[in-house]
1. Looking at the range 233-270, which of its residues are over 24 Å from N162 (Cα atoms), in contact with a Gly (Cβ under 8 Å, 6 or more places away or on another chain) and in a strand (DSSP E or B)?
2. With (1) on the phi < 0 side of the Ramachandran plot; (2) among the hydrophobic types (A, V, I, L, M, F, W, C); (3) in contact (Cβ under 8 Å) with a residue 60 or more places away in the chain as the list, and M140 as the residue in question, which single condition is left unmet?
3. When you go through E169, E255, E217 one by one, which is the residue that is in the same structural domain as Q152 (by the TED database) and either of a type in the set (D, E, K, R) or out of contact with any strand residue (DSSP E or B) (no Cβ under 8 Å at 6 or more places or on another chain) (or both)?
4. I'd like the residue in the range 271-280 that is under 24 Å from L160 (Cβ atoms) and aliphatic (A, V, I, L, M) and, out of all such residues, is surrounded by the fewest Cβ atoms within 10 Å (Cβ to Cβ).
5. Taking the condition free of Cβ contacts under 8 Å to residues at least 40 places away in the same chain, under 20 Å from R212 (Cβ atoms) and surrounded by fewer than 18 Cβ atoms within 10 Å (Cβ to Cβ), does K259 pass?
6. Tally up the residues in the range 138-155 that are under 13 Å from P28 (Cβ atoms) and more than 10 Å from the ligand (Cβ to nearest atom), please.
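The values are calculated or read from the model by the stated rules, or taken from the named source; none is laboratory data. Fair warning: this is a prediction, and the values are worked out from it, not measured in the lab. Here the Cβ is made from the backbone with ideal geometry for all residues, glycine too, and neighbour counts use every protein chain on show.
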Amino acid sequence: MQVIRSIKEMQQMAKELRREGNRIGYVPTMGFLHEGHLTLINEAKKNNDKVVISIFVNPLQFGPNEDFDAYPRDIERDETLANNAGVDFIFYPEVGEMYPVDLSTKINVTKRVNVLCGKSREGHFDGVATVLMKLFNIIMPDRAYFGLKDAQQVAVVDGLINDYNIPVELVAVVTVREEDGLAKSSRNVYLTEQERSVAPELYRSLQKAVQRILDGEKNLDQVKTEVINAVHEKTSGIIDYVEIYSYPDLVELNEPNGKMIIALAVKFSKARLIDNITFSI
Ligand code: AMP
């Protein structure tokens, strides 16, 4: 496994790999790798000749009051995990390498964005789309792997790839969970013991909600209220949102129809957790 820090070197390597006929599978990450990331890497290994991951905590996608500085980082541990998982290259640029000067163009996401996390994290998905545009051009992957844990991100990236005819196949991978159902996340380390013990309630309440809809409940406001009440009763978290939309278009529904997402975001003392289930009726 090779760690590459320069854009030029990464781009040259990608060109060479492609010239030799390799298909490149790419997993973008912000590091502090866990089993969720490793599952994406395994999927990438199955269907490609070379696997590249990037580790880059992208300042453009963090708001002024968010956890950019506090975001957990441990490159040595990440290198070991990535190496053991069979990664071929880690692209690990510094912020100054990615953004040496203020950009003269930025991607502005216009659909699938004013809901869920996009509503409270203004500019977040613009930052995600902008950095991915750069990363896709640097790594030139055939396939890119994203987790459905961040289902809105998958929807936004799907739009980006289609809008700009980016020759990358998007592969969405189901959420990897702890045994008790909590979605794996780099931010889980910031939960207190008490918060960690009740955090699985988020997924449980989503599961119950999906079951209610599959059992025939048509009133989506009622289902959302039940989730809100359960999270209030059983955790100390502050609910940012509980929403049900069509997926991947993320438009409001009067009643259950087709492919849908139920998603929530809950703030604990030092970590804001998100989770969702996509399902069809
Ligand atoms: P992050 O490092 O948090 O930006 O995540 C990098 C990629 O891993 C994103 O596509 C995430 O959706 C994905 N990911 C994060 N957590 C999980 C999880 N628990 N299961 C599956 N994919 C995940």
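1. V266, K267
2. (1)
3. E169
4. I277
5. So K259 fits the description; yes.
6. From the range 138-155, those under 13 Å from P28 (Cβ atoms) are 138-139, 141, 143-147, 150, 153-154; that's our starting set.
Now restrict to residues that are more than 10 Å from the ligand (Cβ to nearest atom): 138-139, 141, 143.
Within the range 138-155, residues that are under 13 Å from P28 (Cβ atoms) and more than 10 Å from the ligand (Cβ to nearest atom) number 4.
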